[in-house]
Amino acid sequence: MNKETIKKFRNIKTPFYYYDLDILNSTLDILKEESANSGIKLHYALKANPNPRILKQIADYGLGADCVSWNEIDAALKAGIEPSEIVFAGVGKSDEEIENAVKADIFCFNCESIPEMEVINEIASKQNRVTRIALRINPLIEAHTHKYITTGIEESKFGINTWELEDVVKKLKDLQFIQLIGIHFHVGSQITQMSVFQSLCSRINELQEWFSSRNAPLRVINIGGGLGIDYENPENQPKFKEYFSLVKKFIQLKPGQELHFEPGRSVVGQCGSLISRVLYVKPGSNTLFAVLDAGMTDLIRPALYQAYHKIENLTSDGKKLRYDVVGPICESSDTFGKSVYLPETHRGDFIAIRSAGAYGEAMASRYNLRPLPQAVFSDDLQK
Ligand code: LLP
């Protein structure tokens, strides 16, 4: 963030999310180039950030959408994403959501259970429309990330277990209004060990053989999302090239098969920062507290997942002191960072919490009846 931008922050009510659309563009440039080189289809996971302005830019780059509610599908459609590019995931899709999505004729439902398949079939039959599904399979792969965002192990509620697949394939024969087009996976989020994706590829290769032996052809292999970002170094772009080439190297696709991904965090994480003002600096027994006007209601990741976000004082360059950087909410978990070294910090200083473009604004709440944080875009400040 340059000095001119920071000067303009003075007229804006804090806390707010600041989105640098040039960063978003350069991330999308790399993502587009690397995915096109590898013949990969992308569905942006809206849950990371469904802000309409961000979504529009992503849609303009030609990405499809991965949605987990009808409202997300509606937002994707409004941003100009075609129904034929939209996938619908989620372990608990409601009847109403299914009805709407069948009517919209989306690309595919990522289906998580036999009961869900039955409901989709029934709803599709009422509309007399054959609907495409992919089976979300639990591959039993440890993602080596925070346990709350690990989704493909034995205790996970997500996906269909491999021991159910025989029944699934049998069941599909009776369900005339759904057509199986592929298989889908998502083992977790903020995955930084590439070997996790290698293990997933091996698992997919085994499953492919199983489906072939049952004469169930699969057109779509959907790897889900999960690529981690570098929270320590917000300037670093995600390692799309390494990620896509690893998957391409280890996955054995059959002729005519398409490889799909659902990136969320890696698309939007680095373009956003949460900007706040320091309300007070007060002494603790072993530390100094910098109390911000932003709290866990604006960015819940540190409180919920003990997540690290780089914290910067944008307006002081004094000598460095150690602070616990906290919010105003009456919960001890409302802490953005402990023992953070910042230039000597004063009331009124601007603090940036970096890499907050993903799962930041999207997860904000009105706890304590606080207002939701506003979004400010780099383009608007340049005017
Ligand atoms: N596909 C599916 C089926 C998913 O469940 C998710 C994320 C994604 C794709 C996108 O994953 P990504 O590329 O963003 O890792 N609130 C948590 C993250 C929850 C992720 C949930 N699923 C956080 O702040 O870390």
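Residues checked against (1) within 16 Å of the ligand (Cβ to nearest atom); (2) surrounded by 18 or more Cβ atoms within 10 Å (Cβ to Cβ); (3) farther than 26 Å from residue 239 by Cβ:
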residue	(1), (2), (3)
20	no, yes, no
53	no, no, yes
65	yes, yes, no
78	no, no, yes
88	yes, yes, yes
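Look at (1) assigned by TED's automatic domain parsing to the domain that holds residue 89; (2) open to solvent by less than 30 Å² (accessible area, probe 1.4 Å); (3) not charged (D, E, K, R) and you find that residue 255 fails only one, number (2). The requirement of being at positive phi and either part of a loop (DSSP other than H, G, I, E, B) or of a type in the set (A, V, I, L, M) (or both) is fulfilled somewhere in the stretch 101-112, by at least one residue.
Within the stretch 213-253, restricting attention to residues that are small (Gly, Ala, Ser) and touching a helix residue (DSSP H, G or I) at 6+ places or on another chain (Cβ under 9 Å), which residue is farthest from the ligand (Cβ to nearest atom)? Step through it out loud before you land on a result.
Just the residues of the stretch 213-253 that are small (Gly, Ala, Ser), to begin with: 213, 216, 224-226, 228, 245.
Narrowing the set further to residues that are touching a helix residue (DSSP H, G or I) at 6+ places or on another chain (Cβ under 9 Å) leaves 216, 224-226, 228, 245.
Details: 216: 22, 224: 4, 225: 3, 226: 4, 228: 7, 245: 18 Å.
That would be 216.
For the stretch 266-300, the tally of residues that are open to solvent by 10 Å² or more (accessible area, probe 1.4 Å) and within 12 Å of the ligand (Cβ to nearest atom) stands at 1.
Report the residue count in the stretch 96-128 for those that are among the hydrophobic types (A, V, I, L, M, F, W, C) and either out of contact with any Phe, Trp or Tyr (no Cβ under 8 Å at 6 or more places or on another chain) or outside the structural domain of residue 158 (by TED's automatic domain parsing) (or both). Spell out how you get there, then give the answer.
Of the residues in the stretch 96-128, the ones among the hydrophobic types (A, V, I, L, M, F, W, C) are 98, 101-102, 104, 106-109, 111, 114, 117, 119-120, 123-124.
From what's left, either out of contact with any Phe, Trp or Tyr (no Cβ under 8 Å at 6 or more places or on another chain) or outside the structural domain of residue 158 (by TED's automatic domain parsing) (or both): 102, 104, 107, 111, 114, 117, 119, 123.
Selection size over the stretch 96-128: 8.
Rundown of residues vs (1) out of contact with any strand residue (DSSP E or B) (no Cβ under 9 Å at 6 or more places or on another chain); (2) open to solvent by less than 50 Å² (accessible area, probe 1.4 Å), yes/no style:
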{"position": "165", "(1), (2)": "no, yes"}
{"position": "170", "(1), (2)": "yes, no"}
{"position": "202", "(1), (2)": "yes, no"}
{"position": "205", "(1), (2)": "yes, yes"}
{"position": "246", "(1), (2)": "yes, yes"}
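Can you name every residue in the stretch 22-37 that is over 18 Å from residue 234 (Cβ atoms), open to solvent by 20 Å² or more (accessible area, probe 1.4 Å) and in contact (Cβ under 8 Å) with a residue 12 or more places away in the chain? 32, 34, 37 - these are the residues of the stretch 22-37 that are over 18 Å from residue 234 (Cβ atoms), open to solvent by 20 Å² or more (accessible area, probe 1.4 Å) and in contact (Cβ under 8 Å) with a residue 12 or more places away in the chain. Within the bounds of the stretch 138-154, is there any residue that is at pLDDT 85 or above, among the hydroxyl-bearing types (Ser, Thr, Tyr) and more than 14 Å from the ligand (Cβ to nearest atom)? The answer is no, given that none of the residues of the stretch 138-154 is at pLDDT 85 or above, among the hydroxyl-bearing types (Ser, Thr, Tyr) and more than 14 Å from the ligand (Cβ to nearest atom).
The values are calculated or read from the model by the stated rules, or taken from the named source; none is laboratory data. All of these numbers come straight from a predicted model, not from anything done at the bench. In this analysis, Cβ positions are derived from the backbone assuming ideal geometry, glycine residues included, and neighbour counts consider all displayed protein chains. Surface areas here come from the heavy atoms of the whole protein model, side chains and all, with no ligands, DNA or RNA. Shrake-Rupley method; radii C 1.70, N 1.55, O 1.52, S 1.80 Å.
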